Structures are given as C-alpha cells and as structure tokens.
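**Student:** What follows is a single structure, and I will ask about it in a moment.
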C-alpha cells in the first residue's frame, strides 16, 4: 500500500516561493489501479517525480507498505519496489536494449523473455533487442522501451507518466491490454497519469489534480460522470481531442 500524507512542494522563482503541490493526500491499495488526471500544468508529473524521489517534498510524508520512504533516494525507492516510467525517457549511449531490460529485471534475461517484453509494448522484438537505447531511437520507440523496462521488474507499485504519449494507436492498444493483465493479476499496484479516456475508464479510483491540489478523488463510477459528462459531452469533442479528456 502507498500512503501519501499532506505532500507539498515549493520552488523558488524570481526570489519568491511558488507552491507547485499543495497538501496532497491519498492512498493506493495493494493491487489497485489509480488514474491521476487533470489539466496540463496542474502538477501531475511533479507529483510523480515526488513519488519516485526525483524531487524532494517541502512538507509531508510518503509511506510504502508502512515504511517511510520520504527521504529515500531514487535507487532506494526502486529497491523498495517502486517502478517509474518517465513522460520523456532518458537515453543511454552504448547500452543495448537487451542489457537495459536485464538491468531493470535485476538479472540476466534470455532472448525469449526480452522479446516477450518488447512485443508487449508493440515493438518488433528482433529489430530492437540489440540496438542501443540512444538518440537513434525515436521518442515513441524510447517510450515503449522504457515501459518494457518497468514491466521487466517485480514491483510493489508502478508509476507511468502519460504512457500513451508519443506512441501509435496500435501500440497503445497493446499497452492497454498489458495494463489490464497486470491489473487482473493484482500483483502490483498501478498509478497511471493520463488524459486518455480509455485509460481513465480502466481505473478503480480516479484523482483529479488542478493547480497543485486534489480537486476530487473517489471510486471511478463516482468521478467519471462529472469528468465525461461535462468535458466530453459530444462525439465531436472526443474526435477532436483524440480521446483525451484534457487538451495537450
């Protein structure tokens, strides 16, 4: 179980303190899928970075299975069982995709396992397994490879920041099936940060973040009517936004 208690995050801008995240509290139960959504610039990705330890909170605590991990480094959080996929993945010159997957898994992976992971995110495995994870790959390719690295490990909690960004519709459908499988197995908790209607509709619970604070949180069937009834009240709106609740 993840417990986030009164989390706040301030940054210094032009000599003034700006509050980016303000008193955010929530829990994610074992095996639960929570989708975090809301307008761009509302603080969703910042919250994800706080969970992974990339940024340090100004106030508040983060607990994983009862253990306070607020002061843990990124590596310590990974060892504690948190997996994280960036919105814009880093690249690794000289590192093959096969090696990257093995490092993520914490053990050498055979070719069959690597190929299965790559196929699950919509990549033709044999074309990528021995390529370097560097600038020769497109943003969409790196995005899918990074998601595969998260799937390679065993985690208590996986955080995916806009997993739909930069990938084609066919690959997106494959990712949806993978998320549905993980969720069905209930072996890992999932946090998906997304604007995408199809992802939002998969959630057990939904949290809406606006201006750095929780606007609403609750069971999916409680929150979805207010989201889709007001924001997506016509097929034309859905078509124009490509199935996204909030514009890019």
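The values are calculated or read from the model by the stated rules, or taken from the named source; none is laboratory data. Quick caveat: nothing in here was measured; it's all calculated off a predicted structure. Neighbour counts run over all protein chains shown; Cβ positions are idealised from the backbone, glycine included.
**Student:** Filter segment 205-214 for residues that are over 15 Å from residue 159 (Cα atoms) and out of contact with any helix residue (DSSP H, G or I) (no Cβ under 6 Å at 6 or more places or on another chain) and give the result.
**Tutor:** Those that are over 15 Å from residue 159 (Cα atoms) and out of contact with any helix residue (DSSP H, G or I) (no Cβ under 6 Å at 6 or more places or on another chain): 208, 210, 211, 212, 213, 214.
**Student:** Same structure, new question: Of everything in segment 63-80, what is over 20 Å from residue 151 (Cα atoms) and in a strand (DSSP E or B)? Give them in sequence order.
**Tutor:** 63, 67, 68
**Student:** Checking the conditions here, which among 83, 60, 42 is assigned to a loop (DSSP other than H, G, I, E, B) and either over 19 Å from residue 150 (Cβ atoms) or under 18 Å from the mean Cα position of the chain (by Cα) (or both)?
**Tutor:** After ruling out the rest, the residue left standing is 42.
**Student:** So, of the residues in segment 1-39 that are in contact with a strand residue (DSSP E or B) (Cβ under 8 Å, 6 or more places away or on another chain) and assigned to a loop (DSSP other than H, G, I, E, B), which turns out to be farthest from residue 196 (Cα to Cα)?
**Tutor:** 1
**Student:** Further question: Only one of (1) within 28 Å of residue 134 (Cα to Cα); (2) surrounded by fewer than 20 Cβ atoms within 10 Å (Cβ to Cβ); (3) free of Cβ contacts under 8 Å to residues at least 60 places away in the same chain; (4) in contact with a strand residue (DSSP E or B) (Cβ under 9 Å, 6 or more places away or on another chain) fails for residue 73. Which number is that?
**Tutor:** Single failed check for residue 73: (4).
**Student:** Contact list please: Cβ distance under 6 Å, first residue in segment 146-158 and over 14 Å from residue 186 (Cα atoms), second residue assigned to a strand (DSSP E or B), pairs at least six apart or on different chains.
**Tutor:** 146/85; 147/85; 150/83; 150/85; 150/158; 153/83
**Student:** For segment 130-139, does any single residue satisfy the condition of being at pLDDT below 90, under 17 Å from the mean Cα position of the chain (by Cα) and surrounded by fewer than 19 Cβ atoms within 10 Å (Cβ to Cβ)?
**Tutor:** Scanning segment 130-139, I find at least one residue that is at pLDDT below 90, under 17 Å from the mean Cα position of the chain (by Cα) and surrounded by fewer than 19 Cβ atoms within 10 Å (Cβ to Cβ), so the answer is yes.
**Student:** Could I ask something else about it? Please enumerate the residues belonging to segment 98-123 that are within 23 Å of the chain's Cα centre (by Cα) and outside any helix (DSSP H, G or I).
**Tutor:** Matches in segment 98-123: 106, 121, 122, 123.
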